[in-house]
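The values are calculated or read from the model by the stated rules, or taken from the named source; none is laboratory data. Please read all numbers here as calculations on a predicted model, not as lab measurements. Every residue, glycine among them, receives a Cβ derived from its backbone with ideal geometry; neighbour counts consider all protein chains shown.
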Amino acid sequence: MYGTTFIDKNKPVKNILEGEDPVKLAEFEARITRGEKIEPRDWMPKEYRRQLIRMIEQHAHSEIIGALPEGTWITRAPGFRRKLALMAKVQDEVGHGQLLYSAAETLGKTREAMINDLINGKSKYSNVFNYPAMTWGDTAIIAWLIDAGAIINQVTNSKGSYGPYCRALERICSEESFHLKYGHDNVVYLATGTPKQRELVQDALNRWWTPIMHFHGPPDKISAHTQILMKWKVKMASNDDMRQQFLNEYVPKIWDLGLTIPDPNLRKNEETGKWEYTEPDWDEFKRVINGDGPCNKERLQVRRWAEERGAWVRRALKKAEAKYTVPLA
Amino acid sequence: MQSYDPRVNRMELPSNEDGKEVLQSEENWETYEVFHQKKRGDQHIHVGIVHAANPEMALILAKESFGRRRQTANLWVVKSSQVHATDYENQDMFETTPEKTYREASDYYCMDRIRKYQQEHGIADRKGERRKKTEAKSK
């Protein structure tokens, strides 16, 4: 599960294509226009490689960090079946992280470098995982609605141009469909249960609505840079378009359960077909993504703790003569 | 720091402000390409990679990564460094392949010649009656 891509607005547009071979660039763009995929050893512009590494790496980190708020609840899951299902879901998320690290690796950044950058705060992950899962209701809302948002993003990106990323996403999406059904089942169970259970899930929805609205990222202005990335099929849809798609599919399903969404302005404009809503607090989004959220510090410390505790096993298994080779696909 | 996860509160978490590179290079070992066979009789298909210190570990991780849900009959792992591949840059070496129609069964059709010869030499058309029926039906 993962939200959005962050376009680097500081990079001057005129430098993006600087020094690129115009013949090779034209061939590369023609290939993408024909709907063909780019494979790891193909020629590609530097900016294409840079953006993809950054995007896939952030996506991978999000899967790994995303396992933490839910993983917290495995020991306290209500009943054996829920515990088994939650373990399976969390294992899937970690597995998705592995698939995505592999896809990013084919572009030339090693997995060790990516994990180091995560731990040192140099690369980001989806902002929503800087919030805690305070109750079982939160895990239900995360599994249903955060994963729903992620599926919209991932299905969109799976039609992109980079072969290894698309292949990883197709596999991920098929597994996410279980997460979505599992999450929905959990929410329905609570929402149709005792008054206390309804309260639990309503509270969780109230807490998570802002992160959910943040999930696809701030409205992106169509800059020259984003236009190039869209032409290269790196960025496949605007953040607002994905948010609209999410609202259109899921708000009615939330209302079906008689739950209240904490936004009095939320409604579908029947004339435009678009959803209207109160803009979530984007200052909070910026603050949290830059490190000042309720769990940022804990998430990275837990990752570091795990890597440091496992280091001796990894180093004991390492063979001096082994040489790393960039994977093929 | 108080976490919502009671287990986290029991850990002694490291401070994370020294910018240390926690992982050394090649600490995640080599990569192995994984091939998955869905059921006996099927081809093995490449599904992805795993990082492992040796083939045994690669097989265990391949099972966790690619065999935990879908039906699986068999897995292969091959070190990425041991795979030799053609270069996409040299795609032109496959260019004449679709022109080699003489390799296709569909390129060989000689009934017209047989029928012409039969008519000229008074040889009975063995399947003539049946052919007339099908032709009548299709009209």
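Below, the figures for the structure above:
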item	result
Restricting segment A:33-76 to residues that are touching a residue at least 60 places away in the same chain (Cβ under 8 Å), within 14 Å of chain B (Cβ to nearest Cβ) and among the aliphatic types (A, V, I, L, M), the residue that is farthest from A:Val187 (Cα to Cα)	A:Ile38
Lone qualifier among B:Ser15, B:Ser106, B:Ser65 - being touching a Gly at 6+ places or on another chain (Cβ under 7 Å) and among the hydroxyl-bearing types (Ser, Thr, Tyr)	B:Ser65
Filtered residues of segment A:261-291 (kept if away from chain B (no Cβ under 14 Å) and either under 19 Å from the mean Cα position of the chain (by Cα) or under 23 Å from B:Met11 (Cβ atoms) (or both))	A:Pro280, A:Trp282, A:Glu284, A:Phe285, A:Lys286, A:Arg287, A:Val288, A:Ile289, A:Asn290
Any chance A:Leu100 is within 10 Å of another protein chain (Cβ to nearest Cβ), of a type in the set (A, V, I, L, M) and either within 18 Å of the chain's Cα centre (by Cα) or closer than 24 Å to A:Val326 by Cβ (or both)	no
Given (1) within 13 Å of chain B (Cβ to nearest Cβ); (2) closer than 30 Å to A:Glu29 by Cα; (3) surrounded by 21 or more Cβ atoms within 10 Å (Cβ to Cβ); (4) out of contact with any strand residue (DSSP E or B) (no Cβ under 8 Å at 6 or more places or on another chain), number of the condition A:His179 does not satisfy	(2)
Residues satisfying the stated conditions in segment A:213-249, i.e. outside any helix (DSSP H, G or I) and closer than 20 Å to A:Leu169 by Cβ	A:Phe215, A:His216, A:Gly217, A:Trp232, A:Lys233, A:Val234, A:Lys235, A:Met236, A:Ala237, A:Ser238
Conditions (1) more than 12 Å from every other protein chain (Cβ to nearest Cβ); (2) of a type in the set (D, E, K, R); (3) assigned to a loop (DSSP other than H, G, I, E, B): number failed by A:Asp147	(3)
Selected residue (criterion: modelled with the lowest pLDDT) from residues of segment B:21-78 that are within 22 Å of A:Val94 (Cα to Cα), more than 8 Å from every other protein chain (Cβ to nearest Cβ) and assigned to a loop (DSSP other than H, G, I, E, B)	B:Arg70
In segment A:16-42, the residues that are surrounded by 14 or more Cβ atoms within 10 Å (Cβ to Cβ) and closer than 22 Å to A:Cys166 by Cα	A:Leu25, A:Phe28, A:Glu29, A:Arg31, A:Ile32, A:Lys37, A:Ile38, A:Glu39, A:Pro40, A:Arg41, A:Asp42
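Yes or no, residue by residue, for (1) under 24 Å from A:Leu118 (Cβ atoms); (2) of a type in the set (S, T, N, Q):
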| position | (1), (2) |
| --- | --- |
| B:Ser25 | yes, yes |
| B:Arg40 | no, no |
| B:Met57 | yes, no |
| B:Leu75 | no, no |
| B:Phe94 | no, no |
| B:Glu99 | no, no |
| B:Asp112 | no, no |
